[in-house]
Amino acid sequence: MKLFNDQAAAAVASLDSADAAYCAKLEQRFAHMGISSKAASSAVQSLVEADAVPQVGVWTALPSAFKGLFQKKTEVKPAASEVFEASLSEALA
């Protein structure tokens, strides 16, 4: 599938492999969304010219990135309604 025009393809070819791969996926998404070749080419050229192609992995968050952000699991106390139901059951028994 070739959605980008020659100028946009040349701009993508000037990028490093990770950024070029991002733009290739972007091209597929644009095609899937029905965006015209002209609009898609303009968009990717603007990204390249502005040096605004997102860095690879920016959106990836591994579990190790969250260490220390969350409290360790603590004992879960029963809700008041559960305590009431238990004591009511015991009283009726």
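Can you tell me how many residues within the range 18-53 are more than 20 Å from the chain's Cα centre (by Cα) and part of a helix (DSSP H, G or I)?
Total satisfying the criteria: 10.
Would the range 75-84 turn up any residue that is surrounded by 10 or more Cβ atoms within 10 Å (Cβ to Cβ), part of a helix (DSSP H, G or I) and modelled with pLDDT of 90 or more?
No; the residues of the range 75-84 include none that is surrounded by 10 or more Cβ atoms within 10 Å (Cβ to Cβ), part of a helix (DSSP H, G or I) and modelled with pLDDT of 90 or more.
Looking at Ser17, Ser46, which one is surrounded by fewer than 10 Cβ atoms within 10 Å (Cβ to Cβ), hydroxyl-bearing (Ser, Thr, Tyr) and at pLDDT 85 or above?
Only one candidate qualifies: Ser17.
The values are calculated or read from the model by the stated rules, or taken from the named source; none is laboratory data. The model shown is predicted, which means the values in this text are computed figures rather than measured ones. No Cβ is skipped: glycine too gets one built from the backbone with ideal geometry, and neighbour counts run over all protein chains shown.
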